[in-house]
1. For residue 195, what charge total do you get from the other residues with a beta carbon under 12 Å from its beta carbon, if Lys and Arg give +1 and Asp and Glu give -1?
2. What is the packing order of peptides 115-126, 139-150, 154-165, taking the mean over residues of other C-beta atoms within 10 Å and listing the highest first?
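Just so you know, all these numbers are worked out from the coordinates, no wet-lab data involved. Predicted model only: the values in this text are computed from it and were never measured. We place every Cβ from the backbone using ideal geometry, glycine too, and count neighbours over all the protein chains shown.
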Amino acid sequence: MISFLLGIALAAQPTFNNGPPPSMPPPHHESTEGREAARTGSARQVLHAFGACVADRNALLADRLLRMNESESDYRRRLSEIVRRDRDCFRQTGGRMGFQPLAMAGAMAEHLLERDQTPLNVRLARAATGTAPAGRSASDRVAMCVARSVPDQVTALLATTVDSAAETAAVEALMPAFGACNQSGARVSVSTAGARAMLATAAYQSLFATAPER
C-alpha cells in the first residue's frame, strides 16, 4: 500500500466532445492471454485476463456497465450477470480466479479502451478540454482529475504489465497527481491494483460517460 497526503486541489477541469464507444469485437474467440495467465500468471494477472475476455465477448454490456454509477442498485447485479454469461472465460482461468468488482471493472475498461487506435493519452487530453463527468464519489472525483490532468502518465501506467515492477513505479510516479487532485487533505492508502483500476474506469468515464449508448 502507498500512503500519501491528499492536500492541494487542482483547478476544476473542463471535457470534450464524447465519441461513440469502442468498436465491438468479433464474438467468442478464445483468449490466448487468458490461457497463458491461467498457466503462469499471478492472481491479479488471471483476473485481468478474465476481465478482458469478458469484455471481449460482451462489449456492449460492458460498455453500459462502465457508464453506470457503481452506487446504483443495478450495478452489482449487472456486473454479476456479465461475469456469469461466459463460462469459457472462467474456464480459461483454470478455476483459480478471485472476484473483485473494482479490479474486474478496471480490466474491462482497459480492454475496451484498447479498441481505439488513437493513443489513449491523446484521447484523454482532448477529453480534458470539455466538462468533466460528475464524480460518483470522492475517490472517483480524484481518479477522474488524475486521468484528465496527467494523461501521459496514466497511459504509461495502463501500458505496464499487471503486477510488475514497472506498474508499481508508474503508480508511485502518479502519487503527486493523486495528492494534488484531492481537496479533503485526508491521508489515505491506495494499493497499486486499486490505483490502476480506479484510473482505468475514470479514463473510460471521461471518454464515454455522456456518449450515446449503443
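1. Once all neighbours under 12 Å are counted, the net charge is -1.
2. Listed from highest to lowest mean packing, they are 139-150, 154-165, 115-126.
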